[in-house]
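What follows is a short report on a single structure.
Each reported figure results from applying straightforward, stated rules to the coordinates on display, with no laboratory input. Just so you know, these numbers come straight off a predicted model, no measurement behind them. Please note: Cβ atoms are built from the backbone with ideal geometry, for glycine as well, and neighbour counts cover all protein chains shown.
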Amino acid sequence: MKSNRFLSFFLPAAWLVLVSCQTDSKKKSPTDTPVSGTIQIAVDEAFTPIMLPEITAFQGHYPKARIVARYVSQEKAFDLLLKDSVRMVVASRSFNQAEKDYFKSITISPKSLKIATDAIGVVLHKSNSDTLFTLNRLRDILTRPGLNWKSLSGKGKETMPELVLDKEGSSNFSSLLQQLNMKESDIKIKKVFTGGDREVINYVNQHPEAIGFMGVGWISDPDDPTQTRFRNGIRVAHLMSDSVAALMAKDPALFDESYFQPLQAYLAQGFYPLVRDVYVSSREARSGLATGFTAWLASDKGQRIILKAGLLPATMPVRIVKIKKDNDLTD
C-alpha cells in the first residue's frame, strides 16, 4: 500500500521534472540554421523595393527558410531589435553608441555589414520647370519661407514650395538633414508627411508646388512596371554638390556637365551628393538564419539584385559607362 502511494506521488512528480527539462531544452536549442527555419526581421520602409525581391530570391533558393519582414521606420526597426522582437534590421545606419552599450550589458556582440549605397531622390511635379539644384539652393528653399518657385529662376509659378516626406523621424528625413547639415528647426516652409515613399510620389503628382524627398529605390528600377507608372507623374531633379559648385565658381570651363541625377554611375563616382549607406545589423549570437540571409545579401546573387534595383552594391564591382545627357530617370 505504501509502495502504491509512493508511486502515485513519485511518477507525476518525475513526469513534471522530465517535461520541464524537455521544455528548457527546447527553449535553448536553436530552431533555425543559416538556410532553414523562420525568423522575423525589420526593414526601413525606404528599402522595401530592394528587400522584397531579396527575400523572394533567398526563399526560392532555400525553400526551408522563411524570412518574415516588418516594414517600419528606421527607429522603430532598431527599437524592435533591442526588444528582441526581430533578429536583424536593414536600415541606413548601423548601431549607435547607446545601442552598442546596451548589447554589451547583456553580453551580446551585435554585427553590422554595409550592403549598398543608396541615394535620396528629389522629386517634383511634372509641370515644375526648376529641375537643377545646388545644395545651397535646396537649403534656401527649405529655410526661407518668403521664396516662391518663380523667384528661384523666373520660370516657375508664384506658389510656395511644400516639403514632402514619408514620415517624421524617418531615415529619409534624418539623412536629408544630415547631408544638408541642417536641423529640423531650420526648416521654415510647410512640411507634409504622407506616410510612405509611395505616398510621397502620389502627393507630388497631385501638387505642383511640392518638392519631395524619397528613397531612390522606389523609382530607379527600369523593369518594374509600378515604378514606371510612378515616374510618369513626376520629375527627378538634377543636383550639384557643394564641392563641384565651389570648383565651378573658380573655373566653369572645368565642367561640361555639373548637375546629376541619382544614377548608379554617378553614385559610384561620388557626383550625386545626397547619398547614404545601407546596413544589415544583427543581434544573432550564433550562425543562424540571420547570418545566412546576411551572407546572401553580400553574395554575388544578392548584390546583383541590388544592382538591378538601381542602387550601388557594396561588395561587387560596378562598370562605369559614359551616360548620355538624355538618359533620365523620368521622361
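Assorted remarks:
- Sparsely packed trypsin sites (Lys or Arg not before Pro) within the stretch 56-114, loop by DSSP, other Cβ within 10 Å at most 10: K83
- Each of K100 and E158 was given a label point 7 Å from its Cα along the Cα-to-Cβ line. The distance between the two points is 5.5 nm.
- For the pair T56 and K114, the difference between a 0.36 nm per residue extended length and the Cα-Cα distance amounts to 18.8 nm.
- Packing-based ranking of 138-144, 304-310 yields 304-310, 138-144, ordered from highest to lowest mean Cβ neighbour count within 10 Å.
- Length gained when the stretch T38-R304 is fully extended (0.36 nm per residue, less Cα-Cα span): 93.3 nm
- Cross-link table K155/K191; K167/K188; K83/K114; K64/K301; K114/K191; K76/K100, entries beyond 25 Å C-alpha to C-alpha: K114/K191
- The stretch 119-269: relative contact order as a whole-number percent, Cα under 8 Å and 6+ apart: 35
- Rg/Rg_ref, the stretch 119-269, where Rg_ref = 2.2 N^0.38 Å and atoms are Cα: 1.02
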